[in-house]
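First comes the structure, then the notes that go with it.
Computed from the coordinates by the stated procedures, all read-outs in this text should not be read as laboratory data. As the structure is a prediction and not an experimental result, all values here were calculated from the model. Heads up, the Cβs are rebuilt from the backbone with ideal geometry, glycines too, and the neighbour counts pull from every protein chain shown.
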Amino acid sequence: MSVVTIYHNPRCSKSRNTLALLEESGIDPEVVLYLETQPSVVEITELLKQLGLTPHELVRRGEQDYKDCGLSRDSSDEDVLSAMAAHPKLIERPIVVRGDRAVLGRPPENVLELIG
């Protein structure tokens, strides 16, 4: 089995539940605390490709940083990517990666398609 990586925020219940589900499935994932180790625009772009999502689909619109950055549904992909790299709290979580595929652990059971 290839390495499984989780972009994790320990303060998020969905992220904690997803990590627990991985561990219950016998997987000891590489844990990236993305709020501490901020992913670059290039890394976020790669995650988006693996997820099959656009920047607007991965950004957390309810965060204060979203408003503070002046983002809206009309913002360019580049502006959203730059904001997510500068303010990683804007990145929806958790993201679980295995090989060249990734899933968003919302709900946590989404990871089963990746590890099953």
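Counting other Cβ atoms within 10 Å, keep those with at most 10, restrict to DSSP loop, and tell me which GluC sites (Glu not before Pro) in region 56-94 are left.
Values: sites: Glu57, Glu63, Glu78, Glu92; in loops: Glu63, Glu92.
Passing sites in region 56-94 do not exist.
Return His87, His56, His8 ranked ascending by Cβ neighbour count within 10 Å, so the fewest neighbours appear first.
His56, His87, His8
With r defined as the distance between the Cβ atoms of Lys67 and Glu30 and R0 fixed at 30 Å, what FRET efficiency is calculated, to the nearest 0.05? Could the numbers behind the result be given before it?
Numbers: r = 33 Å, r/R0 = 1.09.
That pair, Lys67 with Glu30, gives E of 0.35.
Around Gly70, with a cut-off of 14 angstrom between Cβ atoms, what is the net charge of the other residues, counting Lys and Arg +1 and Asp and Glu -1? Walk me through the intermediate numbers first.
On the way: positive: Arg61, Lys67, Arg73; negative: Glu63, Asp65, Asp68, Asp74, Glu78, Asp79.
Result for the local shell: -3.
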| request: Starting from the Cα-Cα distance between Arg11 and Leu112, subtract it from 0.36 nm times their residue separation and give me the gain in nm to one decimal. | output: 34.2 nm
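At most 16 other Cβ atoms within 10 Å and a DSSP loop assignment: could you name the trypsin sites (Lys or Arg not before Pro) in region 23-116 that fit?
On the way: sites: Lys49, Arg60, Arg61, Lys67, Arg73, Lys89, Arg98, Arg101; in loops: Arg60, Arg61, Arg73.
Within region 23-116, the qualifying trypsin sites (Lys or Arg not before Pro) (loop, at most 16 other Cβ atoms within 10 Å) are Arg60, Arg61, Arg73.
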| task | Return a whole-number percent for the relative contact order of the chain, with Cα pairs under 8 Å and 6 or more residues apart as the contact set. | result | 35 percent
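Hey, what number do you get for the chain at 222 nm if only DSSP H runs of n ≥ 4 count, each worth -39500 (n - 2.57), divided across all residues, to the nearest 500? Mind showing how you got there, number by number?
On the way: 6 runs with 46 residues, N = 116.
Roughly -10500 deg cm²/dmol at 222 nm, from the helical runs in the chain.
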